[in-house]
Amino acid sequence: MNNATITFEGITRGSELFGATQANFSVERPGLHAKETSILLNAPAAASLATATGSPDDAAFRDHAARIAGEVWLEDLLANSLHIDSIYFLTKAAIEARPAILERLRALIPTPM
């Protein structure tokens with residue numbers, strides 16, 4: 001990640017209007033200004049992750065999944081030296097198109113006991 005730091009800054013309420021849960025982050029890289037970015041995990045992607053992990057598809061899960069998905073997505077961008085945009089809309093198709101990211105998400109989002 002080139003010594004980058006990803007800081008979770010919270011969930012934005014009201015993004016449900018867009019059919020997504022919004023997680024906000026700040027990305028700091030040596031020698032560059034900090035970049036604020038938002039990851040919107042859409043409802044079908046969240047529902048798919050809930051099913052894959054046996055979790056209830058509720059608000060608490062969606063908040064957690066948006067945070068984890070955002071961290072994993074940003075880590076992948078940084079590892080590949082890609083530009084960080086201001087906003088990302090993560091869909092089920094976008095996540096499924098990147099099998100390594102999907103597997104990391106499944107591993108990081110615990111299955112309830």
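Remark: residue 101 falls outside the filter, which requires a residue to be within 27 Å of residue 3 (Cβ to Cβ), outside any helix (DSSP H, G or I), β-branched (Val, Ile, Thr) and in contact (Cβ under 8 Å) with a residue 24 or more places away in the chain.
Filtering 44, 30 for residues that are at negative phi and either touching a helix residue (DSSP H, G or I) at 6+ places or on another chain (Cβ under 7 Å) or at pLDDT 95 or above (or both) leaves a single hit, 44.
Here is a yes/no grid of residues against (1) closer than 15 Å to residue 109 by Cβ; (2) in contact with a Gly (Cβ under 8 Å, 6 or more places away or on another chain); (3) buried (at least 17 other Cβ atoms within 10 Å of the Cβ); (4) acidic (Asp, Glu):
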residue: 5; (1), (2), (3), (4): no, no, no, no
residue: 15; (1), (2), (3), (4): no, no, yes, no
residue: 20; (1), (2), (3), (4): no, no, yes, no
residue: 25; (1), (2), (3), (4): no, yes, yes, no
residue: 41; (1), (2), (3), (4): yes, yes, yes, no
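Under 6 Å by Cβ, and 6 or more places apart or on different chains, what pairs join a residue from the stretch 44-62 that is open to solvent by 40 Å² or more (accessible area, probe 1.4 Å) with one that is not in a helix (DSSP H, G or I)? Short answer, once both residue conditions are applied: 54/111; 62/21. Restricting attention to the stretch 74-93, the residues being out of contact with any Lys or Arg (no Cβ under 9 Å at 6 or more places or on another chain), open to solvent by less than 30 Å² (accessible area, probe 1.4 Å) and part of a helix (DSSP H, G or I) number 2.
The values are calculated or read from the model by the stated rules, or taken from the named source; none is laboratory data. This one's a predicted model, so the numbers in the text were calculated from it and none came from an experiment. Cβ: placed from backbone, ideal geometry, glycine included. Neighbour counts: every protein chain shown. The area values use the complete protein model at the heavy-atom level, side chains included, leaving out ligands, DNA and RNA. Shrake-Rupley method; radii C 1.70, N 1.55, O 1.52, S 1.80 Å.
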